[in-house]
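These notes are about the structure you will find just below.
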Amino acid sequence: MGMVGQSLERVEDLTLLRGGGRFADDLAEPPGCLHAAFLRAPVAHARIEAVDVSAALALPGVTTVITGADIARETKPFLSGVKVDAPQFPLAVDRVRYVGEPVAIVIARDRYRAEDALELIDVRYEPLAAVIDPEIAAGDDAPLLHNDAGHNVLHERRFRYGDPQTAFAEAAHVVETTVRYPRNSCTPIETFVVLAEHRPGEDTYEVTANFQGPYTLHTVMARALKVAGNRLRLRTPPDSGGSFGVKQAVFPYVVALGIAAKLAGRPVKWVEDRLEHLAAATSATNRVTTIRAALDGQGRITALDYDQLEDCGAYLRAPEPATLYRMHGNMTGAYQIDNLAIHNRVVVTNKTPTGLMRGFGGPQVYFALERLVDLAATRLALDPMELRRRNLIPGEAMPFTTTPGAVLDSGDYAATLAKAVREGGLEELKQRRTAARAEGRLYGIGYAAVVEPSISNMGYITTLLTPQQRQRAGAKNGALATATVSFDPSGAVTVAVSSVPQGQGHRTVLAQVVADELGIDPGDVVTVTDHDTLKDPWSIASGNYSSRFAGAVAGAAKLAAERLAKRMKAIAAPDLNVPIGDVELVDGLARSISNPDNVIALVRVAAKAHWSPLSIPEDAGAGLRETAFWVGRELREPDEQDRVNSSGAYGFIFDYCGLEVDPADGSIRIDRYVTAHDAGRLLNPALADGQIRGGFAHGLGAALLEELAYAPDGSFLSGTFADYCPPTASELPELMILHDQSPSPFTPTGAKGLGEGNCMSTPVCIANAVADAIGKPVLTLPLTRPRVLELLGESEPADPSPPRPAIITSSGNGHALKGNGSHIVPASPEEVWAVILDPDHLAALIPGCHNLERTGENAYRAEATLGAGPVKGRFTASVTLRDLDPPRALQLSGSAAGGLGTATGQGEIRLTPVEGGTRVDYFYAVLISGKVAAVGGRLLDGTARGVINQIFTRLADSSQSQTEPKTETMPSLRSRLPRWLGGAP
Amino acid sequence: MKPAGFDYARPDRLDEALAVLAEHTHTARVLAGGQSLGAMLNMRLVTPKVLIDISALAELGHIQADDGMIEVGAAVTQDQLLRWPGLKEQPLLAQTLPWVGHYQTRQRGTVCGSLAHGDPSSELPLVLAMLKGAVVLASQRGSRTLTAADFQTGTMQTAMRDDEMIVAARFPLAAPGCSSAFREIGPRRGDFAIVAAAAVGDQDGVSLGIGGVADTPAIRRLPWLDGAGLDDALNTIAWELRGSSDGHASAAYRRTQVRNLGRQVIGETQHALFNR
Amino acid sequence: MRYLTADAKHPVRFILNDQPVEGNAEPRLLLTDFLRREIGLTGTHVGCEHGVCGACTVRIDGASTRACLVYAVQAEGRSVETVERLAVNGDLNDLQRAFRRHHALQCGFCTPGILMSLSQLIDEEPTADEARVREVLSGHICRCTGYHGIIAAALDVLAERQAGRHV
Ligand code: FES
Ligand code: FES
């Protein structure tokens, strides 16, 4: 009875459940370790005019402050997947390009102190126009992020397979849609941690970080640090608190902290906080896809045409633009489609750079493709499942090479689909739909068929090069995985792999795989999962991503164990007095197959190899340690026709769900969700289901709740876990999981990846079901309740009393404050005017104003502490008055900055004499960015109103005593106040 | 994300707390459960010089019913109130408390702290306003009682003076023959409400309270209406409150939910009163 | 009255997992940092430091509490329990064992906080049903598991203890 295939309980849990995990922040800090904190850009796009760190440096306990200038001197810019003139460093050098971009590092004796010092750094920014929308950014007259690159589109390529043009010309039907996949992130609960030391004598960096790979980035880091690879010793801790791709993006911080340690001359540690993580760690790409399909009269898809505009944020950070190419061989999905055209563009915008993320490219592609299939079904009046069935790649065709080059290894997609329909109870859901609709309820069923790639080909990214460029650059291919298995002198087995587990249970599964080969109890195997680039085997493909563990890494362990088993047999054979072919390893014994009573304990075999190396057969080799490298033979480089087998194995998923939309509030109740997987051989079914459930939770979050939101000016709006909303136990429905197991012929274990698939299938499956329920197209995510109601598009009853007296109303999305209103002030327009133009009077009206001075004609500079309730921050503002028409009207504009954020805005004030004084009408429009916008958006409007009211109250109060000089008034400031004060969440 | 430095005072008696508050007017903050304040301190949105921890002040740990009121001391957690046997005498409060934050935050967060925080989407200020309750403020100068309506003046703004703190909140007991209901909608369970609605009905009509939309809880008294009459009344309220848009919901969505939740809570109240 | 000044470290004493502990803390030092850095008990994890994710949950005088929203000085004189307290004589307790059985953890980073909340629930509400378990659990974010195994584990232990009680 093999251990592989059994749901063994995890060995990891024995430690983790006691709180004994050794996560990055749990490891001992070296003596003298200092702590770093990052100062980050509050605005999306600006030139850095000056950075004054003197006050920060003067704070006791602060050792060093590092700025972009230091980094530019000490490092080389990061390599990226596309050669363009858009250099990037771990700190902004002279320009910031997204909210949260690191601008300076403070190194101090503890984190508290370091953060104290952050507040003392004075950065002067010259704002630049920001661009957030990828379609606008791709235009010729958009604000440029990287001047030397000349354009925001940093990569463009067209691909053509077969003859799509003819297929479209001859099509019976052509369907087209444009969808927008949003920004989201898997946000592991453990944030980034880096601990760096620099040894000046040999110019060596020793860094421990919860990095997850791919180790292609080791080269990128070493090059940035200007050292050879063997002088960047990178260690990963034994445990990692989730990653889902995200911890790839710790790599710029490895470099930053390396330099920090070097300049401070001490070990330096940094633990990312959640605000930093949400704003600036990384994100999935948002993508605009226009997709067209040609269909014949029978509903066979004859061609697809994609136009993909990929938004990678402010920099193309390695390995981007990989998100766009990871799926390249799978652009025809689960379908046999002979003709394909693809137009790919990669654009930069003023948002956080993107990177690895569970599903990596799959959610974006399938959101377009599987939405389109549904639209096609509607157009052809076919059942969406039937349309899928007609186009599925037939099981007998396996292994099947897709039009863009993926070699689909195994599976019978139609059989899996049929099983899902049967065992998941689709008919019942259809009945429920019929019954619900009869009652006028909005019930829908959605489907998604998805091919899930795993084990990325290290050469897929070179598909972005032309065949000629590739030829010049040299081929890139394969997916090297490595594992080491050894017997120690006591006969105990240890396994080490160059993977970096993040909770998937690798130690348990490796023990199962190795135990089977060596005939031992998996409980006796110890697996080491921390990794050291100086001492452990690794290669560029090492790491834990692209679902490569079960197929590639466990496969390498199997190969190593097989070899070791063979040697153990060779050592045992003479002692058993049988030929090698007659030896088997079982129950901790080497045993004669023909005479099972003839045995020797493996412990003795191992001891002999260690103690009597001269006494064992020469061909058994010396040393009981085997390191195996598995390369993935099918993973060729892209061919001259740009066909690429982008991954090593391909699973299949068929999902469907029934759900009901509540038209009263837009909420979605998932009635049943069925996911059927064929991921080849399951090494540990319980852990496999755990991966599927986890992927489903991310997929559901992406479908319904999660978005990293930006305002049009680049202000970041999702700064906390109350603004960025991962699902909790109250939001997640039950999930029905079904399995087929068609072993992969290409992986040593027969396993394929399965942890990412539901990130690809679930968002679009739910979107399809919602579209079915409401009868409207669903073209973007997440389907929050307000968005669903918007889609339903019911007009709301009108305002019964349209001309409302103008108090303050506002609109926008939290950070964009707009308001207008009017107040009657008991003073003449001339008196009010005088106050506006008199700094002293004005100062008295602004709550918290410390200082207001005229800095030029009609220009003021003010310092004020503004906020609401307990939330207050000090702001420095400059305001200019324009178009003065005394005593009737003026315009003003200005900006403000402080620790809580920044604001820019304009306003207008009009004074009209009325009975009893002057009516002051005002209007303001203010954009807020930085901390308060990220964490307090929902409270800014109300706060602004509060401050304005205070101003008018003061104005009215002061006007009571007409003789006092500080009478009514009020205008100008109020308009800017709101913004900074806005400061207050 | 670590708080700025502050002095920490843990008074043993209320007068000590008030003395510290008087001494550090403008720069002291009272800390009770810290479930809102703590996050703001960690983010350095709030940077007091002195934090006065009243969570262990025995004088403020009482829950008592008399004079037709439930008086809840400032150190009483939401969870303590939720478990208090007398709570059934005030059904609206009992219906609402489970919606305040989470199991974990309710065990530390205080009733009065939530009132002091003045978040427009918080449940407890809405309930206090619905019930025409009051807060008792104290300073070295003496104490005063403000009605809910007078207490909360705006988004996170109250009429509390810098040397004052809340020592208790007073929730009137339910009048005989009343019924009540509460609903809210937020991004997830336990999140702040996008819109919260409460209703208390009696034979003559119903009071509707809406949170999450205007800067302060909005309370409207309506006669019993149905059909189009109720639709019109709710629509008027929805527009009057002039909610704004933010990252979670548009102003239009808020209006829709004022109508929707308003209808639900009024309906539930009506049902309980007349159909049973 | 205790009055502790900002820039100095002050002694803090409390009962931690049944043992008295002592350390020094500035008033602003978070209980999470005190437990992890001063005491060296790293089982209590930090996921957000703003009170939403629940990773830092400990029990203070029995009540599940976000340790990231508590200052170490506030723990003075209290009894604090962390995940390290759960195992009985070195063996996993019933809830921990159920977590393992139901594959209720993957990376295990959220797990200590969740164990503390569920411990309280199971101690105090033996008849809690799935809806109640989900509600209590909604004060935590787990990014790995989809919560399925966690809910199953909690219900399993509740059922076991019920059964045990009826015997
Ligand atoms: S770390 Fe305390 S709740 Fe997230
Ligand atoms: S197990 Fe990883 S966050 Fe819950």
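With respect to being in contact (Cβ under 8 Å) with a residue 60 or more places away in the chain, among the small types (Gly, Ala, Ser) and over 24 Å from A:Asp536 (Cβ atoms), A:Ala261 falls outside the description. All of (1) in contact with a Pro (Cβ under 9 Å, 6 or more places away or on another chain); (2) of a type in the set (Gly, Ala, Ser); (3) under 30 Å from A:Tyr98 (Cβ atoms) hold for A:Gly680 with one exception: (3). Selection of segment A:707-753 for residues being among the acidic types (Asp, Glu) and within 10 Å of chain B (Cβ to nearest Cβ) yields A:Glu707, A:Asp723, A:Glu731. Annotation: A:Gly61 fulfils all but one of (1) free of Cβ contacts under 8 Å to residues at least 60 places away in the same chain; (2) under 30 Å from the mean Cα position of the chain (by Cα); the unmet one is (2). Each residue in segment C:44-63 was checked for being within 15 Å of ligand 1 (Cβ to nearest atom) and either hydrophobic (A, V, I, L, M, F, W, C) or without any contact (Cβ under 8 Å) to a residue 40 or more places away in the chain (or both), and 12 of them qualify. Examine segment B:67-76 for a residue that is more than 10 Å from every other protein chain (Cβ to nearest Cβ), closer than 30 Å to B:Ala175 by Cα, hydrophobic (A, V, I, L, M, F, W, C) and out of contact with any Cys (no Cβ under 9 Å at 6 or more places or on another chain), and state whether such a residue exists. Yes: one or more hits. Taken over segment A:42-60, the criterion of being surrounded by 14 or more Cβ atoms within 10 Å (Cβ to Cβ) and either touching a Pro at 6+ places or on another chain (Cβ under 8 Å) or within 14 Å of chain C (Cβ to nearest Cβ) (or both) is satisfied by A:Val43, A:His45, A:Ala46, A:Leu59.
Only one entry in C:Arg143, C:Arg134 is within 16 Å of ligand 2 (Cβ to nearest atom) and in contact with a Ser or Thr (Cβ under 6 Å, 6 or more places away or on another chain), namely C:Arg134. Only residues that are within 16 Å of ligand 1 (Cβ to nearest atom) and buried (at least 24 other Cβ atoms within 10 Å of the Cβ) were counted across segment C:137-167, and they come to 7. The single residue among A:Ala475, A:Ala448, A:Ala436 that is closer than 30 Å to A:Leu387 by Cβ and surrounded by fewer than 20 Cβ atoms within 10 Å (Cβ to Cβ) turns out to be A:Ala436. Here segment B:1-20 is the region considered, the condition is being within 25 Å of A:Tyr112 (Cβ to Cβ) and either at pLDDT below 95 or not in a loop (DSSP other than H, G, I, E, B) (or both), and the residue that is farthest from the other protein chains (Cβ to nearest Cβ) is B:Val20. Within segment B:241-266, being in contact (Cβ under 8 Å) with a residue 12 or more places away in the chain and farther than 16 Å from A:Leu789 by Cα holds for B:Leu241, B:Arg242, B:Gly243, B:Gly262, B:Arg263, B:Gln264, B:Val265, B:Ile266.
The residues listed here are C:Gly51, C:Gly47; of these, the one that is within 16 Å of ligand 2 (Cβ to nearest atom) and surrounded by 20 or more Cβ atoms within 10 Å (Cβ to Cβ) is C:Gly47. Screening segment A:779-796 for residues that are closer than 19 Å to A:Leu700 by Cβ and among the hydroxyl-bearing types (Ser, Thr, Tyr) and picking the one that is farthest from the other protein chains (Cβ to nearest Cβ) gives A:Thr780.
Does B:Ala233 meet the test of being hydrophobic (A, V, I, L, M, F, W, C) and within 13 Å of chain A (Cβ to nearest Cβ)? Against the criterion (hydrophobic (A, V, I, L, M, F, W, C) and within 13 Å of chain A (Cβ to nearest Cβ)), B:Ala233 qualifies. What about A:Arg388, is it outside any helix (DSSP H, G or I) and touching a residue at least 40 places away in the same chain (Cβ under 8 Å)? Against the criterion (outside any helix (DSSP H, G or I) and touching a residue at least 40 places away in the same chain (Cβ under 8 Å)), A:Arg388 does not qualify. Once segment C:116-131 is narrowed to residues that are within 9 Å of another protein chain (Cβ to nearest Cβ) and not aliphatic (A, V, I, L, M), the residue that is farthest from ligand 2 (Cβ to nearest atom) is C:Gln120.
Please verify whether segment A:672-686 includes one or more residues that are assigned to a helix (DSSP H, G or I), within 21 Å of the chain's Cα centre (by Cα) and either surrounded by 24 or more Cβ atoms within 10 Å (Cβ to Cβ) or facing chain C (nearest Cβ under 8 Å) (or both). Within segment A:672-686, none of the residues are assigned to a helix (DSSP H, G or I), within 21 Å of the chain's Cα centre (by Cα) and either surrounded by 24 or more Cβ atoms within 10 Å (Cβ to Cβ) or facing chain C (nearest Cβ under 8 Å) (or both). What is the number of the single condition among (1) within 13 Å of ligand 2 (Cβ to nearest atom); (2) of a type in the set (Gly, Ala, Ser); (3) in a loop (DSSP other than H, G, I, E, B) that C:Gly113 does not meet? Among (1) within 13 Å of ligand 2 (Cβ to nearest atom); (2) of a type in the set (Gly, Ala, Ser); (3) in a loop (DSSP other than H, G, I, E, B), the lone unmet condition for C:Gly113 is (3). Taken over segment B:108-135, residues that are within 14 Å of chain C (Cβ to nearest Cβ) and within 18 Å of B:Ala193 (Cβ to Cβ) amount to 5. When each of A:Gly32, A:Gly2 is tested for being closer than 29 Å to C:Gly40 by Cα, touching a residue at least 60 places away in the same chain (Cβ under 8 Å) and assigned to a loop (DSSP other than H, G, I, E, B), the lone residue that passes is A:Gly32. Using the structure shown, decide if B:Ala174 is in contact with a strand residue (DSSP E or B) (Cβ under 8 Å, 6 or more places away or on another chain), closer than 29 Å to B:Val50 by Cβ and buried (at least 17 other Cβ atoms within 10 Å of the Cβ). So B:Ala174 does not fit the description; no. Does A:Glu115 satisfy the criteria of being more than 16 Å from ligand 1 (Cβ to nearest atom), crowded, with 20+ Cβ neighbours inside 10 Å and not assigned by TED's automatic domain parsing to the domain that holds A:Arg379? In short, yes.
Quick test for you: out of C:Leu69, C:Leu16, C:Leu92, C:Leu41, pick the one residue that is within 11 Å of ligand 1 (Cβ to nearest atom), of a type in the set (A, V, I, L, M) and either buried (at least 24 other Cβ atoms within 10 Å of the Cβ) or within 14 Å of chain A (Cβ to nearest Cβ) (or both). Being within 11 Å of ligand 1 (Cβ to nearest atom), of a type in the set (A, V, I, L, M) and either buried (at least 24 other Cβ atoms within 10 Å of the Cβ) or within 14 Å of chain A (Cβ to nearest Cβ) (or both) holds for just one of C:Leu69, C:Leu16, C:Leu92, C:Leu41, which is C:Leu69. Return the residue satisfying two criteria in turn: it lies in segment A:209-236 and is crowded, with 23+ Cβ neighbours inside 10 Å and hydroxyl-bearing (Ser, Thr, Tyr), and of such residues it is nearest to A:His531 (Cα to Cα). Only one residue tops the list, namely A:Thr236. Among the listed residues A:Pro404, A:Pro453, which satisfies the condition of being modelled with pLDDT of 95 or more, under 30 Å from A:Tyr215 (Cα atoms) and in a loop (DSSP other than H, G, I, E, B)? So the residue among A:Pro404, A:Pro453 that is modelled with pLDDT of 95 or more, under 30 Å from A:Tyr215 (Cα atoms) and in a loop (DSSP other than H, G, I, E, B) is A:Pro404.
The values are calculated or read from the model by the stated rules, or taken from the named source; none is laboratory data. Quick caveat: nothing in here was measured; it's all calculated off a predicted structure. Glycine gets a Cβ as well: all are built from the backbone with ideal geometry, and neighbour counts include every protein chain shown.
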